[in-house]
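Heads up: the structure comes next, in structure tokens.
The values are calculated or read from the model by the stated rules, or taken from the named source; none is laboratory data. Values in this document were obtained by computation on a predicted structure and should not be read as measured data. Virtual Cβ from ideal backbone geometry, glycine too; neighbours counted across all protein chains shown.
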Amino acid sequence: MIIDQLTREPLGFPILETIRNYSLKKARADLYAALTVTFLAIPQCMADAIIVGVNPVYGLYAGVVGAIAGSAAGSARNHIAGPSATVSVVVAGILFQLGHLGYSSATILLYLGLMVGGIQIILALLKLGKLVQFVSLSVMTGFVTGSALVIIGDQLPTLLALDKPESPYFFERLIKMFAQVWVMGEFYFYPLLLGLGTVLVIIIIRRLPTNFPAILGSLLLFTTLSYIFGLEELAGIDVVGSLPAGLPALEISLPPPYFFVELFGPALALAILASVQGLAIAKSLAIKTSEPLAESQELLGLGVANFLCGPGRGFPISGSFTRSFLNYTSGGQTKMSGVFLGIIMVVAIYLLYPLFAFIPYPVLAGLILVVAFDIVDWDQIKVVASTTRRDRIVFVGTMFSVIMLKLDQAIYLGMIASLVLHVRKAARLDMKELIVTEDGKLKTINDADERVHPKIAFIDVIGEAFFGSADLLKYRIQQLITRSPELKVIVLRMKNAMNLDITGALALKDIARNLREQGRTLMICGATPHTQEILEESNAASDIGRDKILVAQKSLLTSTRQAIDRAPAHIDNVLDGEKPRGEESPPLKYTMSEEKEEKTVQEEAPIEKEKTGHYQKYDDEG
């Protein structure tokens, strides 16, 4: 069938396309974002190296390679690959586990990086990155919200001058922090004052009528004060301290085969963990920027970055949550922001490393508090909370699992919860192109030449229109346009599309926007009460156009015929004519906008809910 002729997702280096369409305006935005992230990336990468138990310079190298290679081969424009605290803890465990082999940490990390990267590259080539589509929007919103709370809580030791608790569980760390305060009876308030002052300065700069970078300005201000007044000696404030100059030299030795046998199991587990975490972060960013995510391409970027980290004494990496979202909130426009970040880090390591020694840790903690607050999408939380009961359960469950469990466990639990709650909806979404014959019957067609109107495609959507099929719906519509560029109107018959959820509704919203930008129009017919409700609550109805959503009727094929009659007139009067959208005539009955005005119509009125709360069986369109 026409709609089923799918092409394979190509893999390559998307940054080449970015360079071809690059502009000075984008370059300025990317450079500013990269410079801002640099001030966070350097101490974070050093700290992650300390978690692993190696020289801090290894973390800097991993940050440089991750940012450049991950951006060059990945797809999400704001996703920054690099050292991650979660992955670093696992790497430290692997070093301890393999210590009995008698090899140095540098040798183990070399081959661990090569093996983890190789596994991820193979998974990408097998197109297994698409498995991330089973992480629903509710899971991602819960993951982001819970992670923001964890990020804020983990700054308390720095802000309150406490000993950092050692535990992979945030809830346990939080209890230990409060226990320290209880035993002490008081805490050192200067770091807290400095951290909150950083937050306050950022807020003030953001409110000023200027485009001066707030986060960077706050960092420069307090670092300068630290240098001038010597906060470390004057007030006992912890600062970053001197960084080692330069990057480590390359050393390679070849262990015997049994070494690789021992290494493979831990490397496979780490590759899966790093992939899930990195893709989850990339998907969170894709949701915020309303951009499609090529999961396998992003997985390839992580694989290439890990493969290159090994030879330079780096260690395995994943996506960085805080650096990625700081890149987003700082206005990074393209993948070049990650490349610039790596380059600036190299310059800083070789030329400016003495200056970073005066950055107070409480200032970095204050900056992270702002980033954590910025990444919480309050509008998205309201949308999830107002849609289906399943979405609310998954959101709350994922958020609390982030707080109570390890980060990777929280992601897995969210995915499992989504699959369990949506197991009845696991059927594959089927899409067929139809025409209405002269005798009024629906007929499936296999060739574009069979269309009654060459500029109109009438697609029957059959199956479960939930988050697992949302990407497939968008992909197939795009493929349809690619194969038939003459199309002007695409009509989706949603009568047989069951259990639409918020992710599916937002997919329809994105399709409508993209078609409108291309001078085309999306129409929906056979919209059930449930479909209407989800489209309204997700704000998708306003983007699609309520006059383009034809509600299901009791009379057979009513909304289908209305759509088929309306589409040619819409092309002639609006798309190829001079009338603005929404002013076509004659007016179309029984759209979502008409429904609100025609509550008294009985014979052909939209189907209403029964008193029991269940929907009547639909006779519309068979």
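Summary of values
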quantity	calculated
Helices (runs of 4 or more DSSP H) contained entirely in segment 285-379, each with at least 2 residues that are in contact with a strand residue (DSSP E or B) (Cβ under 7 Å, 6 or more places away or on another chain) and within 22 Å of L11 (Cβ to Cβ)	295-309
Helices (runs of 4 or more DSSP H) contained entirely in segment 103-185, each with at least 2 residues that are aromatic (F, W, Y) and out of contact with any His (no Cβ under 6 Å at 6 or more places or on another chain)	170-184
In segment 69-91, residue modelled with the highest pLDDT [restricted to those that are surrounded by fewer than 24 Cβ atoms within 10 Å (Cβ to Cβ) and either touching a Cys at 6+ places or on another chain (Cβ under 8 Å) or of a type in the set (V, I, T) (or both)]	V90
Odd one out for Y475 among (1) more than 20 Å from A527 (Cα to Cα); (2) in contact with a Gly (Cβ under 8 Å, 6 or more places away or on another chain)	(2)
Of all residues making up segment 261-274, the number that are surrounded by 23 or more Cβ atoms within 10 Å (Cβ to Cβ) and either polar (S, T, N, Q) or without any contact (Cβ under 8 Å) to a residue 60 or more places away in the chain (or both)	0
Qualifying position, being buried (at least 19 other Cβ atoms within 10 Å of the Cβ) and hydrophobic (A, V, I, L, M, F, W, C), among L125, L114	L114
Single unsatisfied condition, Y190 versus (1) without any contact (Cβ under 8 Å) to a residue 40 or more places away in the chain; (2) not hydrophobic (A, V, I, L, M, F, W, C); (3) not in a loop (DSSP other than H, G, I, E, B)	(1)
Per-region count, segment 74-102, residues assigned to a helix (DSSP H, G or I) and either of a type outside the set (S, T, Y) or touching a Leu at 6+ places or on another chain (Cβ under 7 Å) (or both)	15
Criterion: within 28 Å of Y169 (Cα to Cα), of a type outside the set (G, A, S) and assigned by TED's automatic domain parsing to the domain that holds I343 - qualifying residue of L109, L123, L114	L109
Some residue of segment 23-43 being assigned to a loop (DSSP other than H, G, I, E, B) and free of Cβ contacts under 8 Å to residues at least 60 places away in the same chain	yes
Residue among Q44, Q97 that alone is surrounded by fewer than 20 Cβ atoms within 10 Å (Cβ to Cβ) and not assigned by TED's automatic domain parsing to the domain that holds K474	Q97
Residues within segment 493-530 that are in a strand (DSSP E or B), crowded, with 22+ Cβ neighbours inside 10 Å and of a type in the set (A, V, I, L, M, F, W, C), tallied	6
Conditions (1) modelled with pLDDT of 80 or more; (2) surrounded by fewer than 17 Cβ atoms within 10 Å (Cβ to Cβ): number failed by Q277	(2)
Residues of segment 1-22 classified as modelled with pLDDT of 80 or more and outside any loop (DSSP other than H, G, I, E, B), total	6
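Table: residues versus (1) modelled with pLDDT of 80 or more; (2) in a loop (DSSP other than H, G, I, E, B); (3) in contact with a Gly (Cβ under 9 Å, 6 or more places away or on another chain).
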site: L550; (1), (2), (3): yes, no, yes
site: K554; (1), (2), (3): no, yes, no
site: S559; (1), (2), (3): yes, no, yes
site: I571; (1), (2), (3): yes, no, yes
site: K579; (1), (2), (3): no, yes, no
site: S585; (1), (2), (3): no, yes, no
site: S593; (1), (2), (3): no, no, yes
site: K599; (1), (2), (3): no, yes, no
site: Q602; (1), (2), (3): no, yes, no
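The rows are residues; the columns are (1) in a strand (DSSP E or B); (2) within 27 Å of A294 (Cβ to Cβ); (3) modelled with pLDDT of 90 or more; (4) assigned by TED's automatic domain parsing to the domain that holds A569.
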site: D439; (1), (2), (3), (4): no, no, no, yes
site: K443; (1), (2), (3), (4): yes, no, no, yes
site: D449; (1), (2), (3), (4): no, no, no, yes
site: F458; (1), (2), (3), (4): yes, no, yes, yes
site: L473; (1), (2), (3), (4): no, yes, no, yes
site: R476; (1), (2), (3), (4): no, yes, no, yes
site: I481; (1), (2), (3), (4): no, yes, yes, yes
site: V491; (1), (2), (3), (4): yes, no, yes, yes
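Let's see how each residue does on (1) modelled with pLDDT of 80 or more; (2) surrounded by 14 or more Cβ atoms within 10 Å (Cβ to Cβ); (3) touching a Cys at 6+ places or on another chain (Cβ under 9 Å); (4) not assigned by TED's automatic domain parsing to the domain that holds G99:
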residue: L221; (1), (2), (3), (4): yes, yes, no, no
residue: F229; (1), (2), (3), (4): yes, no, no, no
residue: S242; (1), (2), (3), (4): no, no, no, no
residue: P255; (1), (2), (3), (4): yes, yes, no, no
residue: A286; (1), (2), (3), (4): yes, yes, no, no
residue: N306; (1), (2), (3), (4): yes, yes, no, no
